[in-house]
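What follows is a single structure, written as structure tokens, with notes after it.
The values are calculated or read from the model by the stated rules, or taken from the named source; none is laboratory data. What you are looking at is a predicted structure, and each value in this text was computed from that prediction instead of being measured. When we count neighbours, we look across all protein chains shown, and the Cβ atoms used for this are built from the backbone with ideal geometry, even at glycine. Please note that ligands, DNA and RNA were not included when accessible areas were found on the heavy atoms of the full protein model with its side chains. Shrake-Rupley method; radii C 1.70, N 1.55, O 1.52, S 1.80 Å.
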Amino acid sequence: MISRVVTSAILGIDAIKVEVEVDISYGLPAFNIVGLPEASIKESKERVRAAIKNSGFEFPNDRITINLAPADLKKEGTSFDLPIALGILCSSRIIKDEALKGFLITGELSLDGNVKGVRGILSMAILAKREGIERIICPKENVKEASIVEGLRVYGVEHLLDIVHFFKGSKDLEEYRREGSLFEFKRRDENLDFSDIRGLSHAKRAMEIVASGAHNILLIGPPGSGKTMLARRLPTILPPLTYEEAIETTRIHSVAGTLSSEIGLITERPFRAPHHTISDAGLIGGGHVPRPGEISLAHNGVLFLDEFPEFRRNVLDALRQPIEDGFVTVSRVTHSVTYPANFILVAAMNPCPCGYFGDRRRACTCSPSMIRRYRSRISGPLLDRIDIQIEVPPVGLSELSSASDEESSEKMRERVILARRMQEERFKGKRFNFNSRIPPRYIKRYCLMTPSAERFIEEACERFGFSPRSYHRILKVARTIADMEGKEIIQDHHIQEAIHYRAMDRKFSI
């Protein structure tokens with residue numbers, strides 16, 4: 001008898017409908033799974049066999065063939081365990097085939113029959129809604145995530161016996177009903193606030209510009225100058241996630257397996273800070289079975305790369321395309337997957353290997369050639385893609401002991417939200433929302449300047465040798481500064497301030 005169970009496979013951050021077809025026929029005992037299964041699915045044979053036996057059912061001593069359709073799509077993961085087990089029980093006439101219709105079923109099985117959580121439930125729930133499937137059965141620890149999709153009936157199970165009794169009609173499964181508001185903005189950490197940082201007014205101003213226009217920034221300063229403090233507080237002045245952004249961010253973290261079972265929906269902007277020893281696959285994404293990298297986990301949030309020159313050169317250069325495009329495509333022989341990667345890059349570095357070049361308090365011990373080699377680890381094309389590059393000097397004792405109150409993140413965020421609203425109105429109907437994402441062909445339309453501002457930037461480009469990409473970046477930053485002042489036309493002082501934020505191009509030479 002052939003039985004069919006509907007489940008899904010994950011490709012990138014999307015789910016694809018998969019039918020688990022089970023055929024049990026007479027012949028020598030065998031258990032074969034076809035349909036391009038990866039190793040984790042091939043190993044499910046032993047988990048399924050043990051789970052069925054330990055749940056009190058007799059495992060068929062016949063020829064079992066499992067087909068995962070469509071057969072030309074590679075499938076991986078442990079979410080096929082429960083559908084395969086139910087298909088076998090259905091073909092063994094323990095469960096009626098009609099009972100499984102109208103359900104999308106997913107879950108991993110333990111050897112004793114317990115059902116464990118799986119990755120990508122939100123994408124599967126979205127697929128079920130799109131395919132007109134109204135009911136989904138998933139592990140109990142995934143029900144909060146699945147319930148995000150409106151109009152879908154979600155049932156959580158803890159053991160194989162629960163679902164078997166449910167389909168036999170001898171027991172009901174409790175439908176999960178969400179309590180309270182699904183989407184509620186939460187601050188990342190109440191202990192992080194820009195009011196904690198004394199002094200560094202120019203760096204705070206730069207961070208506000210970064211947040212207003214979604215620009216990338218490079219912080220250059222000696223150890224202890226406050227670079228990490230600035231970076232970690234950037235999410236506190238970013239606008240709250242929209243519902244659409246929260247859904248997309250949650251899907252990425254769900255597929256990557258980093259989403260807690262206690263959190264149904266991510267409502268705060270991600271902040272990712274990978275160590276400088278990370279590989280290119282870890283940062284960009286990839287692997288034998290592609291997974292989202294750190295840049296995708298930072299989607300709609302902040303990616304902080306401390307000790308920027310210490311990252312391997314190939315890892316840093318791999319950032320160039322995602323920074324420009326807002327997504328990354330990982331290609332394999334049989335398929336390719338695309339992950340969103342629309343993040344704000346905050347990089348931090350010392351001015352030299354010892355860290356004290358230009359510091360008035362301590363003498364630098366590095367030779368000019370050492371400093372040049374250190375800075376050359378960051379390629380010119382990558383620097384061109386970083387809109388703002390500023391020096392962060394150490395804060396003096398007088399500023400640290402000052403009794404004056406510093407501006408809070410709340411006040412800064414209010415101004416950021418106003419600047420972003422101007423951009424939303426300006427770019428309504430376009431595929432980009434922020435000044436930093438303006439394509440080159442739209443620069444002239446949206447970055448209108450006064451005649452004197454045009455002359456100023458032309459002279460600056462000749463003097464400092466800015467590349468065409470740097471020229472465009474300066475205009476985009478100037479556009480954001482003008483928005484923060486509520487001006488539609490870019491003026492001289494906007495251009496001057498934007499050029500001031502090109503430290504590596506302007507004056508950071510030996």
- Task: Hey, can you grab everything whose amide H is under 5 Å from the amide H of V302? Only 5+ residues off in sequence or another chain; H modelled, so Pro and N-termini drop out.
- Result: F271, R272, I344
- Query: T329: accessible area at probe 1.4 Å, nearest 10 Å²?
  - Reply: 60 Å²
- Note on the structure: Result for the chain: accessible area per residue, probe 1.4 angstrom, in square angstrom, of 45 Å²
- Query: Roughly how big is the stretch 266-421's charge dipole about its Cα centre, with Cβ charges of +1 (Lys, Arg) and -1 (Asp, Glu), in debye to the nearest 20?
  - Reply: 460 debye
- In debye, nearest 20: dipole of the chain around its Cα centre with unit charges on the Cβ of K, R (+) and D, E (-)? 1220 debye
- Stretched fully, the stretch from S260 through I489 gains (0.36 nm per residue minus C-alpha distance, one decimal, in nm) 77.8 nm
- Item | Among P240, A281, P292 - extreme Cα towards positive end, dipole of the stretch 239-295, charges at beta-carbon | A281
- Message: Let me check against my output: what whole-number percent is the relative contact order of the chain, with C-alpha pairs under 8 Å and at least 6 apart?
- Response: 13 percent
- Under 5 Å between amide H atoms, partner at least 5 residues away or on a different chain: which partners does Q389 have, H built in plane at 1.01 Å? L218, R502, A503
- In this structure, the FRET efficiency calculated for R360 and E307 from their beta-carbon separation, with R0 = 22 Å, to the nearest 0.05, is 0.45
- Task: Could you estimate the translational diffusion coefficient of the stretch 1-91 from the Stokes-Einstein equation, with Rh from the Kirkwood formula over C-alpha pairs, at 25 °C and 0.890 mPa s, in whole µm²/s?
- Result: 186 µm²/s
- Modelled FRET efficiency - R0 25 Å, F432 with K411, Cβ distances, 0.05 increments: 0.35
- How fast does the stretch 409-449 diffuse by Stokes-Einstein, in µm²/s, taking the Kirkwood radius from C-alpha pairs at 10 °C and 1.306 mPa s? 142 µm²/s
- Query: For the stretch 42-170, with the dipole built from +1 on Lys and Arg beta-carbon atoms and -1 on Asp and Glu ones, taken about the Cα centre, which of L86, G56, H165 lies farthest toward the positive end?
  - Reply: L86
- If you rank S110, S170 by how much accessible surface each has, with a 1.4 Å probe, what is the order from largest down? S170, S110
- Message: Quick check for you: which residues of the stretch 483-505 have the amide N under 20 Å from the point 7 Å beyond the Cα of T450 toward its beta carbon?
- Response: 483-501
- Under a no-solvent Debye model with one identical scatterer per Cα of the stretch 137-255, what's log10 I(q)/I(0) at q = 0.13, 0.15, 0.18, 0.19 Å⁻¹? -0.71, -0.81, -0.99, -1.05
- Message: Tell me the carbon and sulfur percent of the accessible area for the chain, rounded to whole percent, probe radius 1.4 Å.
- Response: 48 percent
- Message: Among N216, L259, F271, which residue has its Cα furthest toward the positive end of the charge dipole of the stretch 184-279, with +1 on Lys/Arg Cβ and -1 on Asp/Glu Cβ?
- Response: N216
- Calculate for the chain the 222 nm mean residue ellipticity that helices alone would give, adding -39,500 (n - 2.57) per DSSP H run of length 4 or more and normalising by residue count, nearest 500 deg cm²/dmol. -10000 deg cm²/dmol
- Item | Sequence of M449, M207, M229 from largest to smallest accessible area, 1.4 Å probe | M229, M449, M207
- Message: What distance in nm lies between label points placed 7 Å from Cα along the C-beta direction at E150 and R63?
- Response: 5.2 nm
- Query: Of K101/K129; K96/K171; K17/K101; K42/K168; K45/K75, which ones are farther than 19 Å apart at the Cα?
  - Reply: K42/K168
- Item | Charge dipole (debye, nearest 20) of the stretch 1-100; +1 at Cβ of Lys and Arg, -1 at Cβ of Asp and Glu | 200 debye
- Message: Counting only other residues whose beta carbon sits under 10 Å from that of I94, what net charge do I get with K and R as +1, D and E as -1?
- Response: +2
- Note on the structure: Once the in-chain neighbours fewer than 8 apart are removed, the aspartates and glutamates whose Cα is under 12 Å from K53 read D112
